[in-house]
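Colleague: Before anything else, here's the structure in question.
Read-outs throughout are calculated quantities, based only on the coordinates presented, and are distinct from any laboratory measurement. All figures in this text were calculated on a predicted structure; none of them were measured in a lab. Please note: Cβ atoms are built from the backbone with ideal geometry, for glycine as well, and neighbour counts cover all protein chains shown.
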Amino acid sequence: MKTTSERGKFKMEINNALYKNPDVIDLLLGDTSGLKASEVRKRFKEHVNSHLFIDDTITDTSTFIFYDVSFPELRSNIKSCSITMYLITNRATLENYAKDGYYGDRIDILSQMVEDTLINNDDTANSFGIGRLSLDSIYPYNSERMYGCVMTFSVPNFR
């Protein structure tokens, strides 16, 4: 297996898992009940991207997920895969979302939804690498207009 092919596969798995979570769709897009599936998918792609972003380039007053996959450690038989995920929102939208069973502001809630999607869902957690995906760290992200968090996940895989 090619070492680099896993990057694209992991990105597809992440994107599909997030798209299947109705809570994530609701937080990112709001009420989509009147939209066709193709329009929901199009709008989802505007808010979830498989690349990292450049600070202060987003002008929309909205919420976004940006992520990328890296291999910080490559050994002869095993490689460590790392997923870096930025969950960001415009400061104007930070405090205007609540959902039963979730705590904190919009980004706190979104991070819990992402954790539920990637870690607490057995089908998704076991679809990466040779072990379960694990959440390694969460750090705040702070810029002039945007606020969020940076989540880092990892999983071992065969090389």
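Colleague: What are the aspartates and glutamates whose alpha-carbon lies under 18 Å from the alpha-carbon of Lys36, with same-chain residues fewer than 8 places away excluded?
Modeller: Cα-Cα hits under 18 Å: Asp23, Asp26, Glu46.
Colleague: Within 10 Å, at most 13 other Cβ atoms, and a DSSP state outside H, G, I, E, B define an exposed site. Report the longest part of the chain free of exposed GluC sites (Glu not before Pro).
Modeller: Here the longest run is 1-94.
Colleague: OK, next. For the residues Thr4, Thr89, Thr32, Thr124, what sequence is obtained by ranking on other C-beta atoms within 10 Å, fewest first?
Modeller: Going from least to most buried by this count: Thr4, Thr32, Thr124, Thr89.
Colleague: Another question, then. So which DSSP H runs in the chain come out at 20 Å plus along the axis (Cα) with average Kyte-Doolittle of at least 0.5? Mind dumping the intermediate values first?
Modeller: Values: long enough: 5-20 (23 Å, -1.12).
Both cut-offs are met by no helix.
Colleague: On to the next question. To the nearest 20 debye, what charge dipole does the chain have about its Cα centre, counting +1 at the Cβ of each Lys and Arg and -1 at the Cβ of each Asp and Glu?
Modeller: For this selection, approximately 780 debye.
Colleague: According to a simple spin-label model (label point 7 Å from Cα along Cα-to-Cβ), what is the distance in nm between Ile119 and Tyr19?
Modeller: 2.5
Colleague: Rounded to whole Hz and in sequence order, give me ³J(HN,Hα) for segment 80-86 from the Karplus expression 6.51 cos²θ - 1.76 cosθ + 1.60, θ = phi - 60°, writing x for Gly and Pro.
Modeller: Once θ is set to phi - 60°, the couplings for segment 80-86 become 9, 9, 10, 10, 10, 10, 9 Hz.
Colleague: Further question on the same structure: Report Rg (one decimal) and Dmax (nearest whole number) for the chain, counting Cα atoms only, units Å.
Modeller: Using the Cα atoms of the chain, the pair Rg, Dmax is 15.8, 52 Å.
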